[in-house]
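Below is one structure, written out as C-alpha cells; the observations come after it.
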Amino acid sequence: MKKIFLVVFSILLIDQILKIYIKTHFELGNGVSIFPFFWILFVENPGMAYGFYLGNGYYGKILLSILRFFLVCLIFLFLYKNVKKGSSNYLTIPTSLILSGAMGNFLDSALYGLLFNTGTVYSKEHHKWIPYLGISKINYFSGGYASFMKGCVVDMFYFPIMDTHFPDWIPFVGGFHFQFFKPVFNVSDMSIFIGVILFLIFKNRIKNVKFL
C-alpha cells in the first residue's frame with residue numbers, strides 16, 4: 001500500500017505544482033517553445049479532453065465535476081480492494097496511474113475557481129466560455145473567479161509535430177489544413193493515458209481481479 005500511495009502522491013504533487021506554476025506565471029494562450037515540435041502552452045479547459053462537454057455552461061461543468069468525483073471514488077475503491085487482496089503490480093500500478101490522473105483533474109475543476117482570482121468563465125449572454133487577460137494570482141481568502149466545482153482544468157503540453165496545408169492539386173484533401181498533434185494536455189492526462197496503455201500491454205498477466 002505504501003508503494004501505491006507514493007505513486008499517487010508523487011504524480012499528484014508534480015501535476016499540481018506544474019499547474020499552479022503555469023497558472024501564476026503565464027498569460028492564457030501564451031507559451032514558450034522548447035523544441036519546434038514541443039511547446040509549453042497555457043490553456044484552460046472547461047470540459048473534458050479534446051474539448052468535449054457534458055452540457056452547456058456551468059450546468060455541464062458541475063455535472064462533469066460530479067462525474068469526476070464519483071470516478072475517483074470508484075477507482076480508489078477498486079484499487080484498495082485489489083491491493084488488500086494482494087493483486088500484482090500489473091493491475092495496481094496502472095490503476096494507480098489512472099487514479100492519480102483522475103484526482104489531478106478533479107482538483108482543478110473543484111478548487112481552482114476558489115483558489116485563483118481570474119480564470120475562464122461562462123457567459124450566459126454570449127453562450128460561450130470567455131478567456132481572461134493577465135496572469136492569475138492565488139486569491140483564496142479574498143474569493144476566486146468561480147464557485148466550488150466550477151473551475152477549469154489547466155493544460156500545458158503541446159506537441160505540434162506536424163502543421164501544414166495540403167496543396168490544392170491533391171485530390172480529396174487539397175487545401176485541407178492538417179495538424180498533428182493538436183490537443184494540449186497535462187500530467188494528469190499523461191498519467192491516465194500511460195495507465196490505460198499498461199493495462200492493454202499487461203492484460204494477459206492480470207488475473208483474479210476483484211471488482212466492486
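For the range 14-29, enumerate the residues that are out of contact with any helix residue (DSSP H, G or I) (no Cβ under 9 Å at 6 or more places or on another chain) and either surrounded by 15 or more Cβ atoms within 10 Å (Cβ to Cβ) or among the aliphatic types (A, V, I, L, M) (or both). Spell out the reasoning first.
Applying the first criterion (out of contact with any helix residue (DSSP H, G or I) (no Cβ under 9 Å at 6 or more places or on another chain)) to the range 14-29 yields 17, 21-22, 24-29.
If the condition is that a residue be out of contact with any helix residue (DSSP H, G or I) (no Cβ under 9 Å at 6 or more places or on another chain) and either surrounded by 15 or more Cβ atoms within 10 Å (Cβ to Cβ) or among the aliphatic types (A, V, I, L, M) (or both), then ILE17, ILE22, PHE26, LEU28 are the ones that fit.
Can you spot a residue in the range 110-125 that is within 30 Å of HIS177 (Cα to Cα), surrounded by 15 or more Cβ atoms within 10 Å (Cβ to Cβ), more than 18 Å from the chain's Cα centre (by Cα) and touching a residue at least 24 places away in the same chain (Cβ under 8 Å)?
So far as the range 110-125 goes, yes, one or more of its residues are within 30 Å of HIS177 (Cα to Cα), surrounded by 15 or more Cβ atoms within 10 Å (Cβ to Cβ), more than 18 Å from the chain's Cα centre (by Cα) and touching a residue at least 24 places away in the same chain (Cβ under 8 Å).
Inside the range 25-42, can you point out the residues that are in contact with a Phe, Trp or Tyr (Cβ under 8 Å, 6 or more places away or on another chain) and either under 14 Å from LYS137 (Cβ atoms) or not in a loop (DSSP other than H, G, I, E, B) (or both)? Break it down stepwise before answering.
Step one: of the range 25-42, the residues in contact with a Phe, Trp or Tyr (Cβ under 8 Å, 6 or more places away or on another chain) are 26-33, 37-42.
Result: PHE26, GLU27, LEU28, GLY31, VAL32, SER33, PHE38, TRP39, ILE40, LEU41, PHE42.
Give me the residue from the range 32-47 that is crowded, with 18+ Cβ neighbours inside 10 Å and not charged (D, E, K, R) and, out of that set, nearest to PHE181 (Cα to Cα).
Narrowing the range 32-47 to residues crowded, with 18+ Cβ neighbours inside 10 Å: 41-46.
Next cut, not charged (D, E, K, R) only: 41-43, 45-46.
Details: LEU41: 13, PHE42: 16, VAL43: 15, ASN45: 17, PRO46: 20 Å.
This residue is LEU41.
Those residues that are at pLDDT 80 or above, of a type outside the set (A, V, I, L, M) and either touching a Cys at 6+ places or on another chain (Cβ under 9 Å) or not in a loop (DSSP other than H, G, I, E, B) (or both), I need them from the range 146-174; list them, please.
Across the range 146-174, the qualifying residues are ASP155, PHE157, TYR158.
Can you confirm whether ILE11 is of a type outside the set (D, E, K, R), loosely packed, with under 13 Cβ neighbours inside 10 Å, within 19 Å of the chain's Cα centre (by Cα) and modelled with pLDDT of 95 or more?
Numbers: of a type outside the set (D, E, K, R): yes; loosely packed, with under 13 Cβ neighbours inside 10 Å: no; within 19 Å of the chain's Cα centre (by Cα): yes; modelled with pLDDT of 95 or more: yes.
For ILE11, the condition - of a type outside the set (D, E, K, R), loosely packed, with under 13 Cβ neighbours inside 10 Å, within 19 Å of the chain's Cα centre (by Cα) and modelled with pLDDT of 95 or more - is not met.
Say we look at the range 136-186 and pick out the residues that are within 19 Å of GLY119 (Cβ to Cβ) and among the basic types (Lys, Arg); which of these is nearest to the chain's Cα centre (by Cα)? Step through it out loud before you land on a result.
Restricting attention to the range 136-186, the residues satisfying the condition of being within 19 Å of GLY119 (Cβ to Cβ) are 136-156, 184-186.
If we keep only those that are among the basic types (Lys, Arg) as well, we get 137, 150.
Values: LYS137: 21, LYS150: 15 Å.
The qualifying residue nearest to the chain's Cα centre (by Cα) is LYS150.
Check off (1) in contact with a Phe, Trp or Tyr (Cβ under 9 Å, 6 or more places away or on another chain); (2) within 15 Å of VAL153 (Cα to Cα) for LYS81 and give me the number that stays unchecked.
Evaluating LYS81 over (1) in contact with a Phe, Trp or Tyr (Cβ under 9 Å, 6 or more places away or on another chain); (2) within 15 Å of VAL153 (Cα to Cα) leaves (2) as the failure.
For the range 110-133, check the following and say yes or no: at least one residue is of a type in the set (S, T, N, Q) and out of contact with any strand residue (DSSP E or B) (no Cβ under 9 Å at 6 or more places or on another chain). Quick ask: steps written out before the conclusion?
So in the range 110-133, the residues of a type in the set (S, T, N, Q) come out as 117-118, 120, 123.
So of that shortlist, the ones also out of contact with any strand residue (DSSP E or B) (no Cβ under 9 Å at 6 or more places or on another chain) come out as 118.
Yes, that holds for at least one residue.
The values are calculated or read from the model by the stated rules, or taken from the named source; none is laboratory data. All of these numbers come straight from a predicted model, not from anything done at the bench. Virtual Cβ from ideal backbone geometry, glycine too; neighbours counted across all protein chains shown.
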